[in-house]
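Undergrad: Please find one structure pasted underneath; my questions will follow.
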Amino acid sequence: MSAIPAVLITGASTGIGAAYAERFARRGHDLVLVARNVERMETLAQRLRQETGAAVDIVPADLTRTTDLAKIETRLRDDARIGILVNNAGTAIGGQFIEQNVDDMTRLVALNATALVRLSSAVAPRFAGAGEGAIVNISSVVGVAPELGMTVYGATKAFVLFLSQGLAHELGPKGVYVQAVLPAITRTEIWDHVGADVDSMGEVMEVSDLVDAAMIGFDRREAVTIPSLHDAGLWDVHDGARQALLGNFVNALPADRYRALA
Ligand code: NAP
């Protein structure tokens, strides 16, 4: 891996991914941009090459398609210059569970969950072997909020959070940093895709604020970064309650409340 590793960013044509591309290029990293819209990535790449001198490659891919995904997996496996993977590409679908089309749900899971597993799996052995590298996974606060009614989307984001935490435990001791970023409402086109008017929502974060904050969490090597959460102690309480459960799950006998009354 080079002294300043290249960064592969999925979903880099717009929104949060494009902001990550900008931030890393300004820090001196070369980039590999992945998304479907080549024209948008070309425009971004040209500007970043000009303004920062970064080398920017564009690899068009629809990450719900096995052949496209395989192309990115190969790149991650073979290109030793890539030392940071930002798993950002994701989407959402509107409506309630019973209104949603099951094929749309399946594509959502493929993009938001399966692609992350495959891309992380492609790169993790190389990073672990090198004893360095970083994987940034974009989850969502929806992933800890089943009450919000974005059930399948939220489930994929809970998956991303768990995947990140599990990978942090497995890869951290091998020198690989894994970060889960949980944005709340951020002003991007994702809201157009679910048919929601982001301007009608309160407390909308701008993409630049979100990514700047996430990069501070990255520099601090945080496992979980929640830019919109002002009281960080609340997450510690949440995680502490979860950890308190761990020592209590494994018992040979069912709890008293599940034993038949004599
Ligand atoms: P966005 O503006 O809609 O951008 C999504 C990006 O993903 C685009 O670059 C898009 O590019 C790419 N993408 C979509 N489908 C793809 C596919 N099949 N294959 C490859 N790339 C694909 O959304 P965003 O808000 O920046 O979302 C980025 C991440 O943040 C997502 O994981 C999202 O769930 C998460 N997030 C967003 C918010 C929010 O409020 N905005 C909150 C929490 C979490 P192409 O269309 O060119 O392929």
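The values are calculated or read from the model by the stated rules, or taken from the named source; none is laboratory data. As the structure is a prediction and not an experimental result, all values here were calculated from the model. Please note: Cβ atoms are built from the backbone with ideal geometry, for glycine as well, and neighbour counts cover all protein chains shown.
Undergrad: For the range 1-120, give me every one of the helices (runs of 4 or more DSSP H) that falls completely inside it and has 2 or more residues that are within 8 Å of the ligand (Cβ to nearest atom).
TA: Working: elements: 15-26, 38-52, 66-78, 102-109.
The qualifying helices (runs of 4 or more DSSP H) are 15-26, 38-52.
Undergrad: Being in a loop (DSSP other than H, G, I, E, B) and not hydrophobic (A, V, I, L, M, F, W, C) is the filter; apply it to the range 194-222 and report the residue that is surrounded by the fewest Cβ atoms within 10 Å (Cβ to Cβ).
TA: Residues of the range 194-222 that are in a loop (DSSP other than H, G, I, E, B), as a first pass: 194-197, 201-204, 206, 220-222.
Checking which are not hydrophobic (A, V, I, L, M, F, W, C) leaves us with 195, 197, 202-203, 206, 220-222.
Details: 195: 10, 197: 8, 202: 5, 203: 7, 206: 12, 220: 9, 221: 12, 222: 17.
Filtering the range 194-222 for residues that are in a loop (DSSP other than H, G, I, E, B) and not hydrophobic (A, V, I, L, M, F, W, C), the one surrounded by the fewest Cβ atoms within 10 Å (Cβ to Cβ) comes out as 202.
Undergrad: State which residue is modelled with the highest pLDDT when the search covers only the range 182-193 and only residues that are over 11 Å from residue 16 (Cβ atoms) and in a helix (DSSP H, G or I). Can you show your working first?
TA: Of the range 182-193, the ones over 11 Å from residue 16 (Cβ atoms) are 182, 184-185, 191-193.
Still in the list and also in a helix (DSSP H, G or I): 191-193.
Values: 191: 94, 192: 91, 193: 91.
Of everything passing the filter in the range 182-193, 191 is modelled with the highest pLDDT.
Undergrad: From the list 192, 209, 256, 199, which residue is farther than 26 Å from residue 136 by Cβ, within 14 Å of the ligand (Cβ to nearest atom) and out of contact with any His (no Cβ under 8 Å at 6 or more places or on another chain)?
TA: Numbers: 192 fails: farther than 26 Å from residue 136 by Cβ; 209 fails: farther than 26 Å from residue 136 by Cβ; 256 fails: within 14 Å of the ligand (Cβ to nearest atom).
That would be 199, the only listed residue that is farther than 26 Å from residue 136 by Cβ, within 14 Å of the ligand (Cβ to nearest atom) and out of contact with any His (no Cβ under 8 Å at 6 or more places or on another chain).
Undergrad: Please go through the range 168-181 and pick out each residue that is crowded, with 18+ Cβ neighbours inside 10 Å, over 13 Å from the mean Cα position of the chain (by Cα) and either among the β-branched types (Val, Ile, Thr) or part of a helix (DSSP H, G or I) (or both). Walk me through it before giving the result.
TA: Of the range 168-181, the ones crowded, with 18+ Cβ neighbours inside 10 Å are 168, 171, 176-181.
Those still in the list that are over 13 Å from the mean Cα position of the chain (by Cα) too: 168, 171, 176-177.
Correct list: 168, 171, 176.
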